[in-house]
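Inspection log for the structure reproduced underneath, given as structure tokens.
The values are calculated or read from the model by the stated rules, or taken from the named source; none is laboratory data. Keep in mind that this is a model prediction, so the values were computed, not measured. Neighbour counts are summed over all protein chains in view; Cβ atoms, including those assigned to glycine, are modelled from backbone coordinates with ideal geometry.
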Amino acid sequence: MRPPALLLPAAPALLLAAYLLLRGAPPPPPRRITLSSAATPPSPASAFRRPTPLPAVRAAAAAYFPAMFDGTPTALPNAFLEGDANPCWRVGAQKHCLPAFLLLGVYQAGVRDLYCRLLRHPGVARRPASSPSYYSQVRPDWPSYVRGMHDSVDAGRLIGEASAVTFHFIWVHQEKFNQPYVEAMGRFWRECNARTNAQKLEVPHRDCMARRMPEAREADAAMARKAGLPMHPDKGAVAQERTFNVPQLMRAAYGERSPLLIVMLRLPWRRMHSAFWNYVHYRNRFGASAEGESKWAAESVAAFRRCEANFTTDQCALSFESLTRENEEVFYHCDQLIKGMYHVFMPRWKQEFSRILALRAEQYYSSTRQVLERVIDFLGLQPPANRSGWSELLSPAKQVAGYRPKDAAAPLKRHPTCTDGVAKREGGS
């Protein structure tokens, strides 16, 4: 039986409505999100539906990250070994492999718990419960990433990876690519700070930095141009989307050997609520209370709406803090709000990969075995043959990160206001 379709909310107002309903306040009126206008270029989501040509993504990867293709022992081969369950290659006696499957995310959706249970399956190689993402974080570098799997390559089992940061490549999680921007802004900060007091009085520090942001964005665009996959649009616009980003980098690594990708999606407002109580910096800023949580959510939505007044929803989601100085000054740049905008990220993953299993966290929580059966089948593994085998997978304690107060918010309920603006329905697989 096909599972229920996944709803991908298209507006931050949905989250705010859920929070206000929970607190007993009336929700705001529905607001239609305009995805493009005459003043702003359309998002390239429709312009880049076909997979990026493999030679182009590999050339771009070599420009950004030479160690992936520099001919050293950990560099990628022309072709992977035939007949291996994982994408592997040999250099002398040493065998190197990439994971056969990856749990891409999302945060606060049970990724760690699911992966810990899969590690109990005899067909899955043992690895740490969570892994840094090579594709969306500066560390590890490529040689370290490959060497980190050496203990798993000869087990004859599927190698997996769980890194919840990978799916939603918001601006801060594009750090693998935006180093030219970051380095330029660091240089500009030092220059603005080194001015005389009279200069600072004439042009305040924030205005000095705001004036230099276009130069930093151009440094970023110049690197993309050099790599052969320019930004879209390439010039003349504040909002430029990468055509070489996290999904394209992963495709460059795997080539024709597509990995199996799993994404656990949770209702965005529930995920955002969980994030508030998981990360102390939000509570330190707004207060460890329902009122503090509501204030944080409302400020995030208000800041995102201000961004949408000048840019499209996709542009704000992908490049929020690089667009304007005002955005850069927003506390943590609406990160938890944007991470719930699955409709922005899923099409960009589907552009490059066809084998993606999308799961609902709520179904996993309530019917763990049923979801595990789907995952095991998706990975091509044999299901446990008896009750004892299933007990091995179902018995581990749930892996939960973060603190949840006993008097925290009750589970949020759906309300018609919360579903206004739903733009897409994604199948369960």
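A few notes on this one:
- V146 being part of a loop (DSSP other than H, G, I, E, B) and either under 19 Å from the mean Cα position of the chain (by Cα) or over 20 Å from Y332 (Cβ atoms) (or both): no
- Under the condition of being more than 23 Å from the chain's Cα centre (by Cα), part of a helix (DSSP H, G or I) and within 18 Å of S133 (Cβ to Cβ), the residues counted in region 47-103 number 1.
- Near pairs, Cβ below 6 angstrom, 6+ apart or cross-chain, from region 343-354 (in contact (Cβ under 8 Å) with a residue 60 or more places away in the chain and over 18 Å from S136 (Cα atoms)) to any residue that is among the basic types (K, R) and not in a loop (DSSP other than H, G, I, E, B): H343/K424
- Among the candidates V330, V263, V301, residue that is of a type outside the set (F, W, Y) and without any contact (Cβ under 8 Å) to a residue 60 or more places away in the chain: V330
- The set of residues in region 137-169 being at pLDDT below 90 and basic (K, R) consists of R139 alone.
- Per-region count, region 87-110, residues out of contact with any helix residue (DSSP H, G or I) (no Cβ under 9 Å at 6 or more places or on another chain) and either modelled with pLDDT under 95 or surrounded by fewer than 20 Cβ atoms within 10 Å (Cβ to Cβ) (or both): 4
- Where helices (runs of 4 or more DSSP H) fall wholly inside region 159-231, the ranges with 2 or more residues that are in contact with a His (Cβ under 8 Å, 6 or more places away or on another chain) and not acidic (D, E) are 179-193.
- Scanning region 155-191 for residues that are of a type in the set (V, I, T) and farther than 17 Å from E328 by Cα yields I159, V165, T166.
- Matching residues, region 115-171, being charged (D, E, K, R), out of contact with any helix residue (DSSP H, G or I) (no Cβ under 8 Å at 6 or more places or on another chain) and surrounded by fewer than 18 Cβ atoms within 10 Å (Cβ to Cβ): R139, R147, D151, D154
- For L381: the one exception among (1) of a type outside the set (S, T, Y); (2) in a helix (DSSP H, G or I); (3) at pLDDT 95 or above: (2)
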